[in-house]
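Everything below concerns the one structure shown next.
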Amino acid sequence: MISVALDPRGGALVARVTLDNPAKLNCLSREALGQFAADMRALEHDPRIRAVVVTGAGQKAFTGGADLDALGTLNPLTARVFIGQIHEACAAVRDCPVPVIARINGWCLGGGLELAASCDLRIAADTANFGMPEVRLGIPSVVEAALLPRLIGAGRARWLVMTGENISASEALAWGLVEKICRPEELDNQVNKTLDAILAGEPNAVRAQKRLCKAWEETTLAESVRVSIDEFARSYETDEPNRRVAALRAARKKS
């Protein structure tokens, strides 16, 4: 249901995590959610990993969202457990210490859009479609749907979760829901270009930046500034800043 591949790239390792059930649009079943969260948590402890790419198998879907077979058999008690699993999968992405890129290759719906919203960057095929259809199934959009107002603003978030209508990749780009769109055949190339840009940074600095981006979303402005100062000072506990600055100064002298 979930496959994880470690991809050596420029002396670094990139983890590629794939939701692998294309016959069911890579739906988020109980089993898939549990395995996904466990696999993402395992990656947290591998210092060799510099970035993670999350995608869906096949060409039709990133993920079509929660498994309808599961949704159709829930009661108040099991509903709480199931939605907790979706939250845990999203939390594992947000807690990952390195950047996580959503490679969106098709339908991205409901819990799948929440998973994509939990990633740091979203790159989509221009044929992808996005939506939060839960209200049309008699349930509200919850858990990491709360990230949507931060990404696209309150009004557009309300549009998605209240109407249940889908939007195209071009609309998603205009709204700020995704950062890049491209032709499907260019999707891997665009993801790899983004990975190269991330890997051009220093490992410790990128991990610090991931921590800060999460703090900026979750804390007050004053706390965000305080944490930022701490991270800036902590960066000089490594050789990264002085080494990089010295190299830049040397290059400028040569030019």
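General remarks:
- Members of the stretch 5-29 that are at positive phi and either acidic (D, E) or modelled with pLDDT of 95 or more (or both): L25, N26
- Residue within the stretch 217-228 that is of a type outside the set (S, T, Y), closer than 23 Å to A91 by Cβ and open to solvent by 70 Å² or more (accessible area, probe 1.4 Å) present: yes
- For the stretch 118-129, the count of residues that are open to solvent by 20 Å² or more (accessible area, probe 1.4 Å), in contact (Cβ under 8 Å) with a residue 12 or more places away in the chain and touching a Gly at 6+ places or on another chain (Cβ under 9 Å) is nonzero.
- Of all residues making up the stretch 11-37, the number that are touching a helix residue (DSSP H, G or I) at 6+ places or on another chain (Cβ under 8 Å), assigned to a helix (DSSP H, G or I) and of a type in the set (G, A, S): 2
- Search result, residues across the stretch 88-112 that are out of contact with any Gly (no Cβ under 7 Å at 6 or more places or on another chain), open to solvent by less than 10 Å² (accessible area, probe 1.4 Å) and part of a helix (DSSP H, G or I): A89, C90, A92, V93
- You will find that of A124, A157, the residue that is in contact with a helix residue (DSSP H, G or I) (Cβ under 6 Å, 6 or more places away or on another chain) and part of a strand (DSSP E or B) is A124 and no other.
- For the stretch 191-229, residues that are modelled with pLDDT of 95 or more, among the acidic types (D, E) and assigned to a helix (DSSP H, G or I) total 2.
- Among residues of the stretch 153-198 being out of contact with any strand residue (DSSP E or B) (no Cβ under 8 Å at 6 or more places or on another chain), of a type in the set (A, V, I, L, M, F, W, C) and within 13 Å of G131 (Cβ to Cβ), the one that is least open to solvent (accessible area, probe 1.4 Å) is A157.
- Annotation note: of E171, E144, the sole residue that is in a helix (DSSP H, G or I), out of contact with any helix residue (DSSP H, G or I) (no Cβ under 8 Å at 6 or more places or on another chain) and acidic (D, E) is E171.
- Test result for A61, within 14 Å of A116 (Cβ to Cβ), more than 14 Å from the chain's Cα centre (by Cα) and not aromatic (F, W, Y): yes
- Only residues that are part of a helix (DSSP H, G or I) and either of a type in the set (S, T, Y) or open to solvent by 10 Å² or more (accessible area, probe 1.4 Å) (or both) were counted across the stretch 51-85, and they come to 12.
The values are calculated or read from the model by the stated rules, or taken from the named source; none is laboratory data. Not measured: the values here are computed from a predicted model. Methodologically, a virtual Cβ is constructed for each residue, glycine included, from the backbone with ideal geometry; neighbour enumeration extends over all protein chains shown. All accessible areas refer to the heavy atoms of the entire protein, side chains included, with ligands and DNA or RNA removed. Shrake-Rupley method; radii C 1.70, N 1.55, O 1.52, S 1.80 Å.
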